[in-house]
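*Asks:* I have a structure I would like to understand better, so I am pasting it below and will then ask my questions one at a time.
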Amino acid sequence: MADITIDLTKETLQDAIAHQTRSVMDWHYGEPVYEGEPADDLSGVSGLRELIARQHWANFQLWHVEDRARRKDVEARVIADCKYAIDKLNQKRNDLIERVDECLIGMMASWLPGDAVEKYNTETVGAALDRLSIQSLKIYHMKEQCHRKDVDEAHLKQCTTKVDVLMRQHADLGQAILELIDEYAAGTKKPKVYFQFKMYNDPSLNPELYHNKS
């Protein structure tokens, strides 16, 4: 039974990673429908899938707002609005990384060894999935560059080379996540949720906010 649960966990993660790649293209043609905030009781396979997808959606939105924020031909108000949106999306992105890790640890609880050594990875699975999400966005947009008609051959060649590198890195990181799950199962590493405790959006923790109340 334990082996099936481990296999299901890895299969769910593989499906979620594949969904990240597919949805980058899909969302350029139609946005996903996520009603409000994710439910507090999301758990299991369906809960993990939803949380990973929502986290990816935050990165998708963040990518395009970051692009807009670098324009030089718009009013300062537009850039300020972008900055506020970036702050909110970054907060959501990090909150969802923590939710992914919490949900995943709950999924693994039945087969995690009780005598696992006190050894931790440099990043959690949730953080690695966040990196894969960004990587999938980079691959999509770098591929777009490979099909531009308004640039020279050197630009196209350079971007094609970058796509190859990005895709290898994406595959390597995806494999590393699955190998980390195996390490958890073997008890050679322990999973843990690492909380970011972002301070800049909290009016009780950001001195620029609590010292300058209107």
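*Asks:* Given an 8 Å cut-off on Cα distances and at least 6 residues of separation, report the relative contact order of the chain as a percent.
*Replies:* Result for the chain is 27 percent.
*Asks:* Given a 1.4 Å probe, how much area per residue of the stretch 71-120 is accessible, in Å²?
*Replies:* 61
*Asks:* Which translational diffusion coefficient, to the nearest whole µm²/s, is obtained for the stretch 54-156 from the Stokes-Einstein equation, given a Kirkwood hydrodynamic radius over C-alpha pairs, 4 °C and 1.567 mPa s?
*Replies:* Diffusion coefficient, whole number: 78 µm²/s.
*Asks:* How much of the accessible area of the chain, probe 1.4 Å, is carbon plus sulfur, in whole percent?
*Replies:* Looking at the chain in its full context, I get 52 percent from C and S.
*Asks:* If you don't mind, another one. Which Cα, out of Tyr29, Ala58, Val78, lies furthest along the positive dipole direction of the stretch 1-97 (beta carbon charges, K/R +1, D/E -1)?
*Replies:* So the residue furthest toward the plus end is Val78.
*Asks:* Kindly give the semi-axes, whole Å and largest first, of the ellipsoid equivalent to the stretch 1-116, taking each as the square root of 5 times a Cα gyration tensor eigenvalue.
*Replies:* One finds semi-axes of 34, 15, 11 Å for the stretch 1-116.
*Asks:* From Cα pairs below 8 angstrom and at least 6 apart in sequence, can you work out the relative contact order of the stretch 1-123, rounded to a whole percent?
*Replies:* 35
*Asks:* Take the alpha-carbon centre of the stretch 184-214, take the same for the stretch 54-131, and report the distance between them in whole Å.
*Replies:* Their Cα centres are 12 Å away from one another.
*Asks:* Taking the Cα centre as origin and putting +1 on Lys and Arg beta-carbons and -1 on Asp and Glu beta-carbons, what dipole magnitude results for the chain, to the nearest 20 debye?
*Replies:* 780
*Asks:* Follow-up. Which value, to two decimals, describes the C-alpha radius of gyration of the chain once divided by 2.2 N^0.38 Å?
*Replies:* Against the compact-globule rule of thumb, the ratio is 1.16.
*Asks:* What are the ³J(HN,Hα) couplings of the stretch 108-115, residue after residue, when phi is run through the Karplus curve with 6.51, -1.76, 1.60 and θ = phi - 60°? Round to Hz, x for glycine and proline.
*Replies:* Per residue, the Karplus-derived 3J(HN,Hα) values read 8, 4, 5, 10, 5, x, x, 10 Hz.
*Asks:* Now for a separate question. Based on the inverse mean of 1/r over its pairs of different Cα atoms, what is the Kirkwood hydrodynamic radius of the stretch 146-214, in Å?
*Replies:* One decimal place: 17.2 Å for the Kirkwood radius.
*Asks:* Loop-only chymotrypsin sites (Phe, Trp or Tyr not before Pro) in the stretch 1-50, please: DSSP not H, G, I, E or B, and at most 13 other Cβ atoms within 10 Å.
*Replies:* Tyr29, Tyr34
The values are calculated or read from the model by the stated rules, or taken from the named source; none is laboratory data. Owing to the predicted nature of the structure, the values given are computational and were not obtained by experimental measurement. When we count neighbours, we look across all protein chains shown, and the Cβ atoms used for this are built from the backbone with ideal geometry, even at glycine. Calculation scope for accessible area: heavy atoms of the full protein, side chains included, ligands and nucleic acids excluded. Shrake-Rupley method; radii C 1.70, N 1.55, O 1.52, S 1.80 Å.
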